[in-house]
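Comments concern the structure below.
The values are calculated or read from the model by the stated rules, or taken from the named source; none is laboratory data. It should be emphasised that the depicted structure is a prediction, and the values quoted were computed from it without experimental measurement. Cβ placement follows ideal geometry from the backbone for every residue including glycine, while neighbour counts extend to all protein chains displayed. These accessible areas exclude ligands, DNA and RNA; they are computed on the full protein's heavy atoms, side chains included. Shrake-Rupley method; radii C 1.70, N 1.55, O 1.52, S 1.80 Å.
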Amino acid sequence: MKRRHFPLVAIVLALFCVPVAQGQTKLKWAHVYETSEPYHQEALWAAEEIKKRTNGRYQVDVFPASTLGKETDINQALSLGTVDIIYTGMAFAGRVYPPMSIASGPFIFRDYNHWQAFRNGPVFRELAKGYEDKSGHKIVGYTYYGQRHLTANKLVTKPEDMKGMKLRVPDAPLFVMFPRAVGANPTPIAFAEVYLALQNGTVDAQENPLPTIDAKKFYEVQKYIILTGHITESLVTIVAGDTWKKLSDADKKIFSDVLWEASTRATNEIVDAETKLVGDFEKRGKTVVRVDRGPFIQAVQKAVTAPDAPWPKDLYERVQAIK
């Protein structure tokens, strides 16, 4: 009897199991940051939260540290359909919609509070919509990445000290604006290859926020950390257009709420880390140089207001007017 009924029981069990397997959608979230960084930690939190709020209908797998490609690659992957969610810098998003890149321009923001007012205001929402209209993808988060500072094996206290310096920059056209304005030689190198390039002397210097300098251990192969604060950098969280279209309105709200909250959580962690790291680097024996930012700001003014800048001058003026 048992032997005769076993196939029937197996079929019934299989029928009950199939809807569960078929009902779950797996999504890929790609980024270039280390597993120790807040961006990754909050992506993991968001993935778990989305799974919870959708009753397990969506499983988001997070791929850190360039495992699915460099930043240029993962931006392209959104349109190819090989990834569903990414973190990317505003300069990279600006390749699709150039005005977006203003948020990665040198000395565009006075300080963190200025950036925060921009994040929560209408100018950012307009830029996000412009990107969405052009790309078809959806911006659902905006994270503070930190103020970009210079690290080098040569002491820099004024713009003239950077003349001829081989400075690693991200592989996005906007990042050449600051080095060219101060006479340095911008050298695009993929994020995952920067440590080795500094170590073997391919480049003399690099620039990144303090939490990134710490996470990527760039301080190990650089003598000076120079607090230029030349770019207040940020990341957008983007959902691929094809993925977004498949979500119900209720699920769109869940994804939007969770991913915006994750970007806020990561932002707060980065602000805290920036505050602590200056002292931490000094305790490790690194020379932290506090420069007069005035001459550096003056050096880039012509570039950020030039007719050939990626953004119109009236957008620059609107951002400057934000209080």
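Would you kindly give the portion of the calculated P(r) for region 104-183 that falls above 18 Å, as a percent of all Cα pairs? Walk me through the numbers before you get to the answer.
Details: 1790 of 3160 pairs.
The answer is 57 percent, as a whole percent.
Residue separation times 0.36 nm, minus the C-alpha to C-alpha distance between Asp272 and Tyr195: what's the value?
Values: separation 77, 0.36 × 77 = 27.72 nm, distance 2.45 nm.
My answer for the length gained is 25.3 nm.
Report P(r) for region 13-116: all Cα-Cα distances, bin width 5 Å, range 0 to the bin holding the largest distance, values in whole percent.
2, 11, 16, 16, 17, 15, 10, 5, 3, 2, 1, 1, 0
Please list, or write none, the aspartates and glutamates whose alpha carbon is within less than 20 Å of the alpha carbon of Lys323, excluding same-chain residues fewer than 8 places away.
Asp111, Glu126, Glu233, Asp314
Could you tell me which of the pairs Lys51/Lys252; Lys26/Lys216; Lys163/Lys276 are separated by over 19 angstrom between their Cα atoms in the structure shown? It would help to have the intermediate numbers written out before the result.
On the way: Lys51/Lys252 13 Å; Lys26/Lys216 30 Å; Lys163/Lys276 31 Å.
Checking Cα-Cα distances, Lys26/Lys216; Lys163/Lys276 exceed 19 Å.
Can you give the helix-only mean residue ellipticity at 222 nm for the chain, where every DSSP H stretch with n ≥ 4 adds -39500 (n - 2.57) and the sum goes over all residues, rounded to the nearest 500 deg cm²/dmol?
-14500 deg cm²/dmol
At q = 0.17, 0.24 Å⁻¹, what is the log10 ratio I(q)/I(0) for region 193-308, with the Debye formula run over Cα points and no solvent?
-1.00, -1.32
Can you compute the modelled spin-label distance between Trp45 and Asp242, with each label point 7 Å from Cα toward Cβ, in nm?
So the two model labels end up 3.2 nm from each other.
Pairing the Cα long axis of helix 2-23 with the longest principal axis of the chain, what angle in degrees results, from 0 to 90 and rounded to the nearest 10?
Once rounded, the angle reads 30 degrees.
Taking a 19 Å limit on the Cα-Cα distance, which of the listed pairs Lys158/Lys223; Lys166/Lys302; Lys158/Lys283; Lys52/Lys245 fall beyond it? Present the calculation step by step, with values, prior to reporting the outcome.
On the way: Lys158/Lys223 17 Å; Lys166/Lys302 22 Å; Lys158/Lys283 25 Å; Lys52/Lys245 21 Å.
Violating the 19 Å limit, Cα to Cα: Lys166/Lys302; Lys158/Lys283; Lys52/Lys245.
Give me the Debye-computed log₁₀ of I(q)/I(0) at q = 0.13, 0.14, 0.15 Å⁻¹ for the chain, equal point scatterers on Cα only, no solvent, two decimals.
For the chain at q = 0.13, 0.14, 0.15 Å⁻¹, log10 I(q)/I(0) is -0.95, -1.09, -1.23.
What is the gain in length, in nm to one decimal, between Asp292 and Arg125 on full extension, counting 0.36 nm per residue of separation less the C-alpha to C-alpha distance? Walk me through the intermediate numbers first.
Working: separation 167, 0.36 × 167 = 60.12 nm, distance 3.30 nm.
Gain on stretching Asp292 to Arg125: 56.8 nm.
According to the Kirkwood expression over distinct Cα-Cα pairs, how big is the hydrodynamic radius of region 153-253, in Å? Don't jump to the answer; show the numbers that get you there.
Working: mean 1/r = 0.0646 Å⁻¹.
Radius from the Kirkwood sum: 15.5 Å.
Select from region 135-192 those trypsin sites (Lys or Arg not before Pro) which occupy a DSSP coil region and have at most 15 other Cβ atoms within 10 Å, ordered by residue number.
Those satisfying the criteria are Lys154, Lys163.
Quick one: angle between helix 122-135 and the longest Cα principal axis of the chain, in degrees between 0 and 90, rounded to 10, please.
The helix 122-135 is inclined about 60 degrees to the chain.
To one decimal place, what orientation-averaged projected area in nm² is obtained for the convex hull of the Cα set of region 45-200?
On the way: hull surface 44.2 nm².
That works out to 11.0 nm², a quarter of the Cα hull's surface.
In percent, what relative contact order does the chain have, based on Cα pairs under 8 Å that are 6 or more apart in sequence? Numbers along the way, then the final one.
Working: 579 pairs, mean separation 77.7, N = 323.
Once divided by the residue count of the chain, the mean separation gives 24 percent.
Angle between the Cα long axis of helix 71-80 and the longest principal axis of the chain, 0 to 90 degrees, nearest 10?
The angle comes out near 40 degrees.
In square angstrom, rounded to the nearest 10, how much accessible surface does Asp73 have for a 1.4 Å probe?
Accessible surface of Asp73 is approximately 70 Å².
Give me the number: length gained by fully extending Lys217 to Ala117, i.e. 0.36 nm times residue separation minus the C-alpha to C-alpha distance, one decimal in nm. Kindly include the intermediate steps, with their values, before the conclusion.
Numbers: separation 100, 0.36 × 100 = 36.00 nm, distance 3.12 nm.
Gain on extension, Lys217 to Ala117, equals 32.9 nm.
What are the extents of the Cα atoms of region 172-228 along their three principal axes, in Å, largest first?
That works out to 27, 22, 18 Å along the principal axes.
Place the peptides 271-283, 113-125 in order of packing, highest mean first, counting for every residue the other Cβ atoms within 10 Å and averaging per peptide. List each step's numbers first, then the result.
Numbers: 271-283: 14.0, 113-125: 16.2.
Ranked by mean Cβ neighbours within 10 Å, highest first: 113-125, 271-283.
Among the DSSP beta bridges whose two residues both lie in the chain, what percent are antiparallel, rounded to the nearest 5?
Numbers: 21 of 39 bridges.
Within the chain, antiparallel bridges account for around 55 percent of the total.
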